[in-house]
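Q: Sharing a structure, written as structure tokens. Questions coming.
The values are calculated or read from the model by the stated rules, or taken from the named source; none is laboratory data. Here the structure is a predicted model, which is why all the values come from computation and not from measurement. Virtual Cβ from ideal backbone geometry, glycine too; neighbours counted across all protein chains shown.
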DNA sequence: TATTTATGTAATCAGTCCTATTACGGTTTG
DNA sequence: CAAACCGTAATAGGACTGATTACATAAATA
């Protein structure tokens, strides 16, 4: 699978914005930190803005800014904004419905996987962008 | 992303074996229940055998069987046997190491994502193949 | 022993998704 | 009006999935 790296990059972007405290940051500047193309950053920023996490200022001197305080942005919100697919992907072809197992395995399994995904999300919900920013600063102190 | 469906299919396969109570089941028969190609089933079975969850009998009248009791097979073991990639994929290109954020975001983020993945795995570890089989039977009763 | 049935594995192919890149229209500042 | 910047679409290269075919090997059986 070519797994999506969007979530990690989105966190990187938001952390960069948080460290600028309201000053608009150009997509080109962010892209230089992430190590990717400005258009990629703008595309992610577009999704983050739709989710209400950022806002952009057009025109000269413009750029992206946080729309909420870092403390109020949970990692789950960021994850959701990326519209990632389910962690556990169901089979592509329909199982044989005339078979006892084929008819019932996937619903039975889904009950467990949904609980597991919920546990995953709950952990992300418990961490905020502020914590990430704090960790970034702490790492810089230690070095 | 073309997410992997291997885990769900593997559970389907193992549930089919569990319901046969030790009688070897041919890959063709399993494939008919799953709705896929026998070679796909054999490939998954190969991974499951490597993980010690199944064993195969070659030759005429052969097929696959469980190597352990359903009660002793957790969904986490099955998931691990599929060798799925990490749930949260790190960026492909290295962030700019001369930048405070670029240097430190990913390690900081990883601490949280590892905790989230651990929560996901813990839930899978708490469920066994036996439960799935029981649910399958229960569903058939209800219908 | 020859035949039949099955597994194990490799090779290939089409389809899908991801990221990078280019391009261009629209917006705001100066 | 010119410059800087965003928003979005289109395209291309790479990577991974699952389906399929093929074939060597192993075990049961007549």
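Q: So which of A:93, A:56 is within 13 Å of DNA strand D (Cβ to nearest atom), surrounded by fewer than 21 Cβ atoms within 10 Å (Cβ to Cβ), more than 15 Å from the chain's Cα centre (by Cα) and within 30 Å of residue B:29 (Cβ to Cβ)?
A: Unique residue meeting the criteria: A:93.
Q: Are there any pairs with C-beta distances below 8 angstrom linking a residue in the stretch A:111-130 that is more than 7 Å from chain B (Cβ to nearest Cβ) and under 11 Å from residue A:77 (Cα atoms) to a residue that is modelled with pLDDT of 95 or more and in a loop (DSSP other than H, G, I, E, B), with the two at least 6 apart or on different chains, and if so which?
A: A:128/A:73; A:129/A:73
Q: Consider residue B:110 carefully, then state whether it is over 24 Å from the mean Cα position of the chain (by Cα) and part of a helix (DSSP H, G or I).
A: Against the criterion (over 24 Å from the mean Cα position of the chain (by Cα) and part of a helix (DSSP H, G or I)), residue B:110 does not qualify.
Q: Test each condition in (1) outside any helix (DSSP H, G or I); (2) in contact with a helix residue (DSSP H, G or I) (Cβ under 7 Å, 6 or more places away or on another chain); (3) more than 7 Å from every other protein chain (Cβ to nearest Cβ) for residue B:91 and report the one that comes out false.
A: Looking at each condition in turn, residue B:91 falls short on (3).
Q: Output the residues belonging to the stretch A:66-77 that are buried (at least 18 other Cβ atoms within 10 Å of the Cβ), touching a helix residue (DSSP H, G or I) at 6+ places or on another chain (Cβ under 8 Å), more than 10 Å from chain B (Cβ to nearest Cβ) and assigned to a helix (DSSP H, G or I).
A: Hit for the stretch A:66-77 is A:70, nothing else.
Q: Here is a further query. Inspect all residues belonging to the stretch A:108-116 and state whether any of them is more than 23 Å from residue B:33 (Cβ to Cβ) and surrounded by 18 or more Cβ atoms within 10 Å (Cβ to Cβ).
A: yes
Q: Next question, about the same structure. Inside the stretch B:122-134, can you point out the residues that are crowded, with 19+ Cβ neighbours inside 10 Å and part of a helix (DSSP H, G or I)?
A: Correct list: B:123, B:124, B:129, B:132, B:133.
Q: Applying the selection to the stretch A:1-60, what residues are in a loop (DSSP other than H, G, I, E, B), more than 10 Å from chain B (Cβ to nearest Cβ) and within 26 Å of residue A:87 (Cα to Cα)?
A: A:51, A:52, A:53
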